[in-house]
Every structure is written in structure tokens, then in C-alpha cells.
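S.K.: The following block contains the structure, expressed as C-alpha cells.
Quick note: the coordinates plus some simple rules give every number you see, no bench work behind them. Just so it is clear, the model here is predicted, and its values are computed rather than measured. Virtual Cβ from ideal backbone geometry, glycine too; neighbours counted across all protein chains shown.
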Amino acid sequence: MIFLDQIFVNSKKAILNLASAFLPTDAILIVSALISIGAIAAFGPFTMMYLTWFERKLVGRIQNRIGPNRVGIFGLLQPIADGIKMLTKEDIVPAGADKVVHFLAPVVVVIPALLVFSVVPFGRNMVAIDLNIGLLFFLAVSAMTTIAIFMGSWASRNKFSLLGGMRTVAQLVSYEVPMVLAAVPAILASGSLSTVDIVEAQGGWNGLKWFVFTPWGFVGFLMFYLCGVAECNRTPFDIPEAESEIVAGFHTEYSGMKFALWYMAEFMSVFTISALTATLYLGGYQGPWLPSWAWFMIKTYALVFVMMWFRGTLPRLRVDQMMGLAWKFLLPLTLINILVTGLWYFTSGLGLRLGLSIGILLVSSWVLVLFNRPYMPEKRVYEFAE
Amino acid sequence: MFGVLRGMGITFKNFVASYFLPRKPNSLETGGMVTLQYPEERLPEKERFRNFPFLIYDTKPDDLRCVACDICAKECPPKCIYIVRDNDEQGRPLKKPKVFDIDFTVCMNCGICEEACPFDAIFMDHEFEVGGPERQQSLVYHMDQLLKPATHFAKIRPTDHVAIEEKRRKEAEKKRAAAQAQPKPPEAKPPQA
Amino acid sequence: MIDEPVLHDTDTLEVNLGPQHPSTHGVFRMNVKLEGETIVSLKPIMGYLHRNHEQIAENMSYLGSMPYTDRLDYFNSMSNNFGYALAVEKLANIEVPERAQYIRVIMAELTRLVNHVSVIGFLLNDLGAFFTPILYAFREREKILDIFEEIAGSRMMCNYLRFGGLKLDLPPSVLDRIKKIVQGFPKFLDEFEGLLTKNEILCMRCQNVGILPYDLAVSASITGPMARASGVNYDIRKIDGYSIYNRLKFRVPLGKVGDVYDRYMIRILEMRQSVWILEQVLKEIPEGPIINPKMAAFAKAPRNFKPPKGEAYGRVEAPKGELGFYLVSDGTPQPWRYHVRAPSFINLTVLEDLCIGHKVADAIIILGSIDIVLGEVDH
Amino acid sequence: MLPILAKLFIYGVLFLSLVAALGVVLLPNIFHAALCLVGTLLGIAALYLALQAEFIAVVQVLLYVGAVMTLVIFAIMLTHRIGDMTIPQTNKQSLPACLALFAFVVLIGGLLLKTDWSILVGTGGSVASVNPPVDTFMLGKALLGEYVFPFEVVSVILIAGLIGAIVVARKD
Amino acid sequence: MSPADAKSKLEAKFPGIQIQIINNALLMKPEDLIRVVQFLKDSPEFKMNYLSNITAVDYVEYLESVYHLYSIENPPHSTAGPIVLKVRVPRDNPKIPSLVPVFRGAEFQEREAYDMMGIVYEGHPDLRRIFMWEGFEGFPLRKDYTPEDADVLEWEDVEWLEKHGVKVPEEYKQFARQLKDAGKEARAQKPTEKEI
């Protein structure tokens, strides 16, 4: 069990031991870092490639289609074929574009998407750097995406790109606030900003003491996940690239490998956001029976599945409705949720805790729903003429 | 909230059904999955299906039924049929076409040529995988490409074939009876059998 | 020595949505002026698919235009055939046998199902649903198109109706298959509605967006589901009672608000009515000839068909609205004047009124709910 | 070997942020200048990181790059055609500006030279071995404990600024 | 309501109006059109508040504009329509008052009739071509219209024909060359990257 659990950690150790035989100590540190970097740099794009396959397959099945099935068995080689296609495509830069910025934008967008992998705890002892402010690092670095999208949209000199860029910024800046606040309960409960500590704090009950099983944890989980979906521009919050309105938003004018890089960033952030949600509220790698990394992957992919399931089902919100959701519903509710978390730790007795927190959350969300009446659907009755 | 959840339930049901209710091969009867793996798998051809026209001949390509009467070319709505009547050595017109071209880029598969033809010589084919390396010349079909035997017609449209054979047999009998009734018909050529 | 500061005001952004745009339903262009994301002016520009259908028809025999009408609203070729056949029959005063009338109504109502279900699917695509509703819609549409192929020989360009009747009789056993589809359709509609009707996101997006008031709908000659969503009780099937519609029982659903959501719901309700009509027709369909013998004689020589001098305006309730054909005959095999009253073209008149003050995203779904087909708009 | 590499890295980052800072003042295109400012801020953040002030580094990125610069660029994009304009980079005030700058450099240099750095550098001498004087925990305690009043005052002022901005920006 | 009834009622309402019945349609003078339509729309007896169809017909000697009016308010009985109105104008000066002030639905239909037949609807708020492009000359549905480039050969066509051994008349070649030169000139005048 422990062997399986630590198989990746031990193999890295073995390589380092092997290397220490003929390398100086300083070099070993570099080799160690290189192994971690290499693993992430390989894992990120690989995940992205197979997430595209996964999404096409899943949405296809939802729509009663088969999805990719011609290249390789079950279409498993499809991402590779797509990659080759992307690489060999003509790279079109619009005549009026700002060429340098146009080139830099997709490069810049991939960097933060890759960087955040470094604080994701993939399993027990499997985190590239255990920063004591890991969560903050994640949020700060993913905020950089905004700049990259801005660069791309501005440099394209296309009105659709510009509209997409403005929508993106409005969306990302708005959703960052409730997202950070939705993560606060987990920080309060674990007393640390380090992702590893947060996971370790959910370790009781045979590995099932996940935050999501508490009322505040459940609400926090939903809020964080929703904001995460909005942060990586996925349906129903995909208005920055709403293909039916503004063609493709900020990446309208991108083709070939640059376009692939935009997609790579998007899919990697889909993975990392799901991973972070799992880390914060679903106990990360904690869980009985299975190896820790397997638990982590199961949880993460379950969340990825839900994101893609959303995509297969839901239409998209309008700009003002989406902003309204962030500022008028999610933000107050996350603030109340922080309060509830505090109360949870200052009261004792399970009944009182549960009653108080569930009561406050239900009442406050009901009040918020009432405040958001204009966004609620009406009931309509239709007449028939003979 | 509940509307969204119900919608998600429906999509999930379809997702699961696509694994457990496979489609019957070569038909549209659906369980969960509807994709038809096209080149390998095809729907059964409908008898009335029409695509581009073809010219019919009975036994050999020389004795085609078409008499170059030009009716189809006149009735064709997009005017995609071009016919030149053949002449014999003396320059007298023959009852067969020398040139019979159909521009498939223009043809709109309406089937009016088939309806209008009084000699049952042109019919709509089931062949739909028609392509060419460029957009103009290779899609103008000439007579040699358009000619197909009656057996082909019998294969693609059995019901119509039986009806038309019956009709032609009756007409031929009528003609023969008329020819026998009249002792000396002037230039009584039998219809090209 | 500092330069005078220049005050840069935010001004309107002019965007051309189309002619190449994912959700203009073809080569349609909207010249939109935006303030932020709000529309302050919108000019529809069309004609990219214009092929002068009317001039082509004036140089052709009456039957020769029949396949061209298929290409007007290429989603509903049967309805277009129906309208044209009705106009010519009015012009030349031709009776249609009973069985042919029934089959025509079956085809028209099946076409209505095909159209409405696809329109809703496309509307949802405009709303941003990633192809799921449209593919469910196409799954059902495919079954009906399969029937069309079996009956008429082509899935979309049917060219099935003839003046005074039909081209061919129904093949054996096809009626049973139509019955099966009609029986299964309500179940599909329930699934479809479950996915959409009560979906909060759809309600938020569609309700009170693009409201068309009753008075404007009447004055702007809006017809079809769009008018009925605004509460205009005008269904030509009821008013004219053409073909056998005056003998059939059905009801006309009417909306109250006239927004995008009502247009969506009216289509759903109309489909349920169509299913009802189909059930009645399929039960009562008689045996008999399928074409008026007088017109059957012209089958081999369409050019000999010369309607008497005069003019006629025939109209049907096509899925998109009132489809009218105005014909003037001068006694020759070719019509002197052939005019199409294209419903989706005229329904576009109010596009600007509906969109002003809304966001870009709303303009897209308003256009989607008007239900245009560029083949018909640009005829 | 590692300390050398680390030093090289830090000098590289410093150099790059200097270049970016020059870009901010020299580039004619305002959008490019804003992007260079992003680069400078990121370089400073990397410097903080190298000094093991991770919290400050991350907050620098989160606030300056993630929020402030985003708004700056947003403003540039929303302002009609300002991105297209090229503004002359020199004017008649260049000379006084240079003089003022020189005075400032002298001031800062004097301060730097006068400071007694021995307490901070300690015994080991290498940058990596210095323990960070504050960590997140202490920072939090200080902000919400001892300095809670000024902290709250600052937030009230910020809220007032926010509301004021909305009032000014509203058209009606 | 039969056209004769409608005619008599209109004549009673507007004394001195000239109305003729042609093919169940009421033919009137252009200047009478608006008041007749307004009356038909407003009077409780007719309530012809739905303008179904506007079209124009070229009868070579004159142009004719045809209006089909129905009633939405009145329940489906004989008064529900249609009432067909016709207006004839000379070919060289085809001017008809626009119905847009009365019926919003006339807007696109009148534009279409203008585009295809060249009838000028006076008082239309935005009378432009709708299907054809700006700068198009002629009116395609008039009977004397000939498509402008029915037999134009372009230079590529000339080359292709000559390669296949077809002799092209000199004037066709001349025209094709002119076209080609014009195209070249246009390409040379294309705005450079900077100007975009």
C-alpha cells in the first residue's frame, strides 16, 4: 500500500540517489528541481491534450454521438493528430496587428497556467514546492492570465477580440473576489495557506473528514467551484469567447500553434481549478483504500467531468447577469459563509453547530434570492384560441 | 436551480444511454446513439431517392433509349442538359444523340427530366458520391459516363422497373399491332428496342 | 509649455455582425452601433444570397419553379411547395383530390415539426448551449427527413407537390412509420422541454428580452409564431381554412408578453398542436387518386400547362409565417409575374425595434427567435 | 555553485526589470509602456521571492499585476484611440527633470551608504541564510491586533474612494 | 366583402374618387392611396389592419403596385379580406406615396419593390436598395432589363479558350484586357498596411 502510495516519490528519490553517485551535492538539488519541473512540464500539456479528447468524447456521448473515433483505438491518438495539424497550419497575423504583442500573448498565458501546477499536491509528498502561501500563490499567478488575454485581444486589432478582452477582464476581476473569499473558510479551518497543510487538515475519519461534509464547507465548495468555472471561461460563464456572439472573443485572430496555446492554457486551468477545488474542500489526496494520487485524480477528474457536463447542458449567461451573480449573490454569500465558519469553531455541540450554520446559510441565501428577484424566472400561462 | 438540475439529469441520461442502448446497424432506429459510421455503414437506399440523372440503355451502349428529342433539356429548370442530335453519313438526323452532356455543378436533382421524358430514357440515379479534382470540367458528365444499363435501373428501383417494362411491352405490342394492321407503313421503324 | 490635454470620450463602437458570423444563420449582416455592450442602432443588411428567384421563375414553366421554391426556405420545402401549388391552383382553378389534400396536410405538419424543433435548437445554440439541444432536435428531424426521402426522393429539396395533387402516392407501409413518429414525438417534446423550458438560465436570458408589442406586430405585418407570441390571433390555417384545415380540430396558442421566451414556448405548443392534427389526419386518410386527372395529363409536358389570364394570391401558414405567392398569368406557359411574400423577410422589419437598448448577446437571440432562413429572406 | 547561480539569477531579473522600467518611460505606445510596467512589477516580485519574502511577492503580483495593472490597461483600451497615439517622449522640461532625478539619486545613494547593514546581514553573509524577519502569521497578527485601527481607517478611506469614483463616473 | 361592395362604400366615403375593378382588385389613383388605406384600416366596418403583401408588376406600358389587405381584428368571415388595391404609374416617372406611415410592415416590401422594379415610394424613411448592392444600375424585374454581363469574357477565359484553339473576337479580347487593367489598377490603389 505504502509502496503504491509513494511510488512516484520513491522513483524520484531513486533517480536522485543514482545521480548522487557521480554528481556534486549542489548539482543534485538542480537535478531534483529539474525532475519536478520536467514532470510538470510534461504533465500539463499531456493533460491538456487528453482533456480535449475527454471533452469531445463526453460531450459527444451526451449528444448521442460517438466523438473522435478514427485516429487510434477510441480516437485516443486524436490529440496528437490535432497537435500535428496545429503545428503545420499557417500562422496568420492580421495586417493591422501589433505583431510583438500578438506573438507574446499566447506565450504569456501559458506560463501562469503551468506555474500553478507547482503548488498542487498530487499525492502525499507529491507537491513540487510546498510554499507556505501556496494558495495565495495559486490565486496571484492565475490572476496574470488577465494580462495575457488583454494583450491578445488588444494586439489583434479586431473589434470582436476587443469586446472579448473587455468581457474577460470584467469577468475575471469580478470572479476573483468571491473566489478568494470562498477559499477563506478552508484556510480558517486548517489555519494555513499551504495547500499541503489544508489537505492534511482533512485527514481524519479514515481519510474522509473532508470540509465539504460540513455546511460551510459545502457552500464554500459550491461557491469556489462556480467561481472557478467562471475563472477558466467555461460554460455557462464562457462569455469572453462566446462563439455565437463575438465569434471567438479574444482569440478570434489566432491560428495554428498560437491558437493551440490559448487552448492549452484554458484546459490546464480547467484541470488546476478542479484540482484546487478538490484540495480545498474534497480532501485533496485524502481517502481510504486507494493510493493518495489515485484519490486526487479521481476527485479532480470528477470535477472536470462536471465542468464538461455543464458544457453539454447549459446555455450561457449574459454579461450583466453574470456580473450580477458575482457581486449580488456569490460575494455576500461567501462573506456570510466566512462568518458561519467562524461560528462553527466558536460553538460546541454538533446539534447547535449544524442548526446554527445551516439556519444562517439557508436564511441568508433565501434573502439573497429575494434581493435578486429580477433575475428569477417568471411563470407563464398560455392561452389557446379555438 | 431545479430547472438546471433537471436538464443536467436529462443530458446525463442520454450520456448513459449512449453506452447501453446501441443503435441497430444500418438503420435510424435509435436507442441511445445515433451516429452512423458512414463509409462502412449505410442506411438502406430508398427506392425513390434521386440524385443525378443517368441515361439508360437496354443491352449495349449503342442502342440507348434516348432519341435526342430535347424535351428534358427544355424542361430542365436550371438548363443543365445539352443535347446534339446525331446525323448519319448523308447528314440526315438520326434518332439518337451525338452529344449528351449534363453539368452536375448546375443540376439540382429535381427529377423533372425523368418526369418529362416520354421515352423512359433518363432516370435519376442513386449514385451520390460524385466528385472531381476541380470545379468545372470534371463535373460535366458526358454521354459515356452517363450511360448505364437497364439492369442497373432494375437494381436500384425494382418497382419502377417492373412498371416501366410492363408499359413499354404494351406500347411495343400496340405498335406492332398497328404495324400489322397497316399493310405498308411509310418508314415504319420499330422503336429502338 | 505643456500641451493642452485632450479629453478622450468613450464613443460608440461600430461592429459588423456578419456576413460571416457564427450565428447570423447564413450570410446576413447586422451593422450594429454599440455603446459599451448596449445596442444603440442596428441596420440589417441582406442580399448576399439574392439570386432573383422571381426573375428566374418568370422565365420558366410553372412547374419549373416548383423545385426552386424548395430552395426558398430550405428547412420547409414541403410548405413552400404547398403555397406555390395553392397559388397556381387558385390561378387555374384546379380541384385537388381528397387523398392528396390529406397527404399535403401530413407533409405540411411534419415540416412544421421539423422547422420548429430545429429553430429551437438553433436558438439554444445562439444562447450558447454547446450543440446539445440542436443535436437532440436533429435526431428527431432525421427521422422525419427519412420519411420525406422515402416519399419524395429527397430529404430537404422534396419537390413533391404538383398542381392538382402530388407527384407520387405514398409508398406502402410509410403511413405506419409516420404514425410511429407521431406517437413518439410528444415523448421527445417532453424530454426537450425538460432540458429547456424551466431552465433558469434560459428563462433569465429570454424572458422580457426583445418584446414585440401587439400593435407593432400587427402594423409591421408580422406573421406566424412570432405574431402569435405577441398575442395576435392570426393563423391562416384557421382564417382561410385552406385544403382540409377547416375540417380539423386544433387550437392556436397565444402569448401575452411577446418576448423571446414566448416565441420559444409558442413553437413548443404549436408542435403539440401539429401532433394533434397529424393524429386526426392519419386516422381519417382516405384512399383514392392523388392527382387531378386533368393535371395528370401535363405530367409529361409541363410546358403545355397554360393557366388562363388573370392573377392570384395564394398563401399558406408556413412554419415561419404567412408564405404567399402572387402570380400573374398572361396565358403563356410562363408566369408574367411571380412574387414571393417571404415571411422571414418581412418579420425582419422589426429587428431594430426589438434590439435597441439590449446587449449584443440579446440581439443574437432575438434574431434567432425571429427564425430567418436566408434562402427565403434573400430570395 | 548554487549561490553563484542564485546571484546570477537575481542580477538577471534585476537587469530585466530595469530594461522594462526604461521601456515604461521610453516606449511611445502607451499600451506597450503599460505592459513594460507589468514586467517591472513582476521583476520586483521575483526579487522579493529571492529575499524569501514570499508573502510580499505574492501580494505584489496579486494586487499590482492582477488588479492595478489590469485596471490601467482596461482604461487604456476603453479610451478611444489612445492606444494608437504616439506621444513625443521629450519636451522642454527634460533638463529640469534630469536635474531633479540626479538630486534624488544622490539622496538615495547617501541614505544607502549611511545605513548600517551589519544587523541584517548577520554572520553568514549569503542572502539565502537570512531568516525572514516577518512571516504571514505575524503580519496577520500585527494588522488585526496592534494596528487594527489604522488598518480599518485605511479600508474606510478606500471604500469612500470607491463610492466617490462611482458617483463621479455615473452619467445620470 | 366583394370588391364591388368595397368600391361602393369607398365611393360613398370619398365622393369624386375614381375606382375601377380589375380582376377583383380596386384600381385607384396614386394620390388617393393613402387616404383609402387609412380609411380601410380605421373604419370599424373594414378594419383592414394587416397589410399582407406589397408587390409591383411591370405591364410594359405602365408599372403597377399591388397591395393585399386583410383584417386581423375581424373574426374569420367575409369581411376579413383580402381587399386588393392597385395603383398604376407611368414607367418613366413611377412615384407612389409610401405606406410606411400607415403600416410599418411596408418598409422592407417597398424597398424590395423599389429595388426590383424601380418604383419610388415617396415618403419612405429609408428608400435604398435592399437585395442588390449600392451602385447597381437598372431594375432587374422590369421586362426590359438585360443582365449586364451576360456575355463578358474575362482575361482568364480568353486565355483558356485560346489555349483550346478557339478564336476569340478582337473586341472581346479588348474588353477583357481593359477589365484586367482596371483590376490591376484597383489592386495598386489598395490601401497599404499602415493606412488600415
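S.K.: Output ³J(HN,Hα) for the stretch E:165-172: one whole-Hz value per residue in order, computed from phi by the Karplus curve 6.51 cos²θ - 1.76 cosθ + 1.60 with θ = phi - 60°, and x for Gly and Pro.
M.R.: x, 9, 8, 9, x, 4, 5, 5
S.K.: Sum up the charges of everything whose Cβ sits under 12 Å from the Cβ of E:Glu112, counting Lys and Arg as +1 and Asp and Glu as -1, but leave E:Glu112 out. Spell out each step's value before the answer.
M.R.: Numbers: positive: C:Arg341, E:Arg111, E:Arg128, E:Arg129; negative: C:Glu54, C:Asp378, E:Glu107, E:Glu110, E:Asp115.
For residues surrounding E:Glu112, the net value is -1.
S.K.: Once the other residues with Cβ under 11 Å from the Cβ of C:Ile178 are scored (Lys, Arg +1; Asp, Glu -1), what is the net sum? Write out the running numbers ahead of the final one.
M.R.: Values: positive: C:Lys143, C:Arg177, C:Lys179, C:Lys180; negative: C:Glu109, C:Asp146, C:Glu150, C:Asp176, C:Glu279.
That sum, taken over residues with Cβ under 11 Å, equals -1.
S.K.: Pop the C-beta distance of E:Arg35 and B:Thr159 into the FRET formula with R0 = 56 Å and round what comes out to the nearest 0.05.
M.R.: Working: r = 63 Å, r/R0 = 1.12.
Efficiency, rounded to the nearest 0.05: 0.35.
S.K.: Okay, moving on. How large is ³J(HN,Hα), in whole Hz, for each residue of the stretch C:338-353 in order, when computed from phi with the Karplus curve 6.51 cos²θ - 1.76 cosθ + 1.60 and θ = phi - 60°, using x for Gly and Pro?
M.R.: Per-residue couplings from phi come out as 9, 10, 9, 9, 8, x, 6, 5, 6, 5, 6, 3, 8, 3, 5, 4 Hz.
S.K.: Can I ask one more? So what is the calculated 222 nm ellipticity per residue for chain C, using -39500 (n - 2.57) for each DSSP H run with n of 4 or more, over all residues, to the nearest 500 deg cm²/dmol? Intermediate results must be reported in sequence, preceding the final value.
M.R.: Working: 16 runs with 178 residues, N = 379.
After summing the helix terms and dividing by residue count, I get -14500 deg cm²/dmol.
S.K.: Moving on. Rank by packing, highest mean first: peptides B:66-79, A:183-196, A:222-235, C:312-325, with packing defined as the count of other Cβ atoms within 10 Å averaged across residues. Don't skip to the end; give the middle numbers.
M.R.: On the way: B:66-79: 19.5, A:183-196: 21.6, A:222-235: 23.9, C:312-325: 26.6.
In descending order of packing, they fall as C:312-325, A:222-235, A:183-196, B:66-79.
S.K.: Next question, about the same structure. For the stretch D:1-81, just say rounded, prolate or oblate: build the C-alpha gyration tensor, square-root its eigenvalues into a ≥ b ≥ c, call rounded for a/c under 1.5, and beyond that prolate if a/b exceeds b/c, oblate if not.
M.R.: Numbers: a/c = 4.91, a/b = 1.74, b/c = 2.82.
It is oblate, given that a/c is not under 1.5 and a/b is not larger than b/c.
S.K.: Go ahead and run the numbers for FRET between A:Arg380 and E:Gln18, Cβ-Cβ distance against an R0 of 45 Å, rounding to 0.05.
M.R.: Details: r = 51 Å, r/R0 = 1.14.
Result of the calculation: an efficiency of 0.30.
S.K.: Rounded, prolate or oblate: which fits the stretch C:70-206 when a ≥ b ≥ c are the square roots of the eigenvalues of the alpha-carbon gyration tensor, with rounded for a/c under 1.5 and prolate only if a/b beats b/c? All intermediate terms of the calculation are to be shown ahead of the outcome.
M.R.: Details: a/c = 2.61, a/b = 1.90, b/c = 1.38.
Note, shape of the stretch C:70-206 comes out prolate.
S.K.: Would you mind counting up the charge near A:Met376? Only other residues with Cβ under 14 Å from its Cβ, with Lys and Arg at +1 and Asp and Glu at -1.
M.R.: Working: positive: A:Lys328, A:Arg373, A:Lys379, A:Arg380, C:Lys198, C:Arg205; negative: A:Glu378, C:Glu200.
Neighbourhood net charge equals +4.
S.K.: Show the residues, 5+ positions off or on another chain, whose built amide H is closer than 5 Å to the amide H of C:Thr223.
M.R.: Hits under the 5 Å cutoff: C:Glu322.
S.K.: Which distance in nm do the two modelled labels at A:Asn69 and C:Lys33 give, with both placed 7 Å along the Cα-to-Cβ direction?
M.R.: 5.3
S.K.: Which residues does a label at C:Glu284 reach in the stretch C:304-345, if reach means a backbone N under 19 Å from a point 7 Å past the Cα toward the Cβ?
M.R.: Answer for the stretch C:304-345: C:317.
S.K.: Now for a separate question. Using only C-alpha positions, report the orientation-averaged shadow area of the convex hull of chain A, nm², one decimal.
M.R.: Numbers: hull surface 102.8 nm².
Average of the hull's projected areas for chain A equals 25.7 nm².
S.K.: Give the whole-number value, in cubic angstrom per residue, of the convex hull volume spanned by the C-alpha atoms of the protein assembly as shown.
M.R.: Values: hull volume 346.5 nm³, N = 1326.
Taking the convex hull of the Cα positions in the protein assembly as shown, it is 261 Å³ per residue.
S.K.: Continuing with the same structure: Could you sort the peptides A:252-265, C:118-131, B:97-110 by per-residue average Cβ neighbour count (10 Å cutoff), highest mean leading? Don't jump to the answer; show the numbers that get you there.
M.R.: On the way: A:252-265: 20.9, C:118-131: 25.4, B:97-110: 18.9.
Answer by packing, highest mean first, reads C:118-131, A:252-265, B:97-110.
S.K.: For the stretch C:361-374, just list the computed ³J(HN,Hα) in residue order, Karplus coefficients 6.51, -1.76 and 1.60, θ = phi - 60°, integers in Hz, with x standing in for Gly and Pro.
M.R.: 4, 6, 4, 5, 6, 5, 4, x, 7, 5, 6, 9, 10, 5
S.K.: Moving on. Can you work out the FRET efficiency for the pair C:Ala297 and E:Phe136, with r the C-beta to C-beta distance and R0 = 51 Å, to the nearest 0.05? Display every interim value, and only then the final one.
M.R.: Numbers: r = 43 Å, r/R0 = 0.84.
The value I calculate is 0.75.
S.K.: For the stretch B:144-172 and the stretch A:321-367, compute the distance between their C-alpha centroids and round to whole Å.
M.R.: 79
S.K.: When chain B is treated as a GNM, springs tying every alpha-carbon pair under 10 Å, which of B:Asn51, B:Asn14, B:Asn87 comes out with the largest mean-square fluctuation?
M.R.: Between B:Asn51, B:Asn14, B:Asn87, it is B:Asn14 that shows the largest mean-square fluctuation.
S.K.: Can you give the average number of partner chain beta-carbon atoms within 10 Å of each beta-carbon in peptide E:102-113, as a whole number? If you can, show how the numbers build up before the last one.
M.R.: Working: counts 1, 5, 11, 12, 5, 6, 12, 7, 0, 1, 7, 1.
Whole-number average of other-chain Cβ neighbours for E:102-113 is 6.
S.K.: Can you pull the mean other chain C-beta count within 10 Å for peptide C:147-154?
M.R.: Working: counts 1, 1, 6, 4, 2, 5, 12, 9.
For peptide C:147-154, the averaged partner shielding equals 5.
S.K.: Also: How shielded is B:122-134 by partner chains, expressed as the average number of their Cβ atoms within 10 Å of its Cβ atoms?
M.R.: On the way: counts 0, 0, 2, 0, 1, 0, 0, 0, 0, 0, 0, 0, 0.
Average per residue, whole number: 0.
S.K.: When B:His142, C:His379 are ordered from fewest to most other Cβ atoms inside 10 Å of their Cβ, what list results? Intermediate values should be presented prior to the final figure.
M.R.: Details: B:His142 12, C:His379 25.
Exposure proxy ranking, most exposed first: B:His142, C:His379.
S.K.: Between the stretch C:76-99 and the stretch C:277-344, how many Å separate their Cα centres?
M.R.: Cα centroid of the stretch C:76-99 versus Cα centroid of the stretch C:277-344: 3 Å apart.
S.K.: Just to be sure I understand: with springs between alpha-carbon atoms less than 10 Å apart, which residue in A:Val199, A:Val116, A:Val369 has the highest mean-square fluctuation in the Gaussian network model of chain A?
M.R.: A:Val369
S.K.: What residues qualify as long-range amide H neighbours of E:Ile21, i.e. H under 5 Å apart, gap of 5 or more or another chain, H built at 1.01 Å from N?
M.R.: E:Leu27
S.K.: Relative to the longest principal Cα axis of chain C, at what angle does helix C:132-152 sit, 0 to 90 degrees, rounded to 10?
M.R.: It works out to around 20 degrees.
S.K.: Most exposed first by the Cβ proxy, i.e. fewest other Cβ within 10 Å, how do C:Glu140, C:Glu279 rank?
M.R.: Values: C:Glu140 23, C:Glu279 13.
If I rank by nearby Cβ atoms, fewest first, I get C:Glu279, C:Glu140.
S.K.: Can I ask one more? Identify which of C:Ser77, C:Ser41, C:Ser173 has the largest mean-square fluctuation in a Gaussian network model of chain C, with springs joining Cα atoms closer than 10 Å.
M.R.: Per the Cα network of chain C with a 10 Å cutoff, C:Ser173 tops the list.
S.K.: Along Cα→Cβ, 7 Å out, is where each label goes; now give me the distance between the ones at A:Asn17 and D:Val105 in nm to one decimal.
M.R.: Placing both labels 7 Å beyond Cα along the Cβ direction yields 5.7 nm.
S.K.: Whose amide H sits under 5 Å from the amide H of E:Arg91, counting only residues 5 or more places off or on another chain, with H placed in the peptide plane?
M.R.: Those qualifying (amide H under 5 Å, at least 5 residues apart or on another chain) are E:Leu63.
S.K.: Evaluate Rg over Rh across chain E, taking Cα atoms for both radii and Kirkwood's formula for Rh.
M.R.: Numbers: Rg = 24.3 Å, Rh = 20.2 Å.
My calculation puts Rg/Rh at 1.20.
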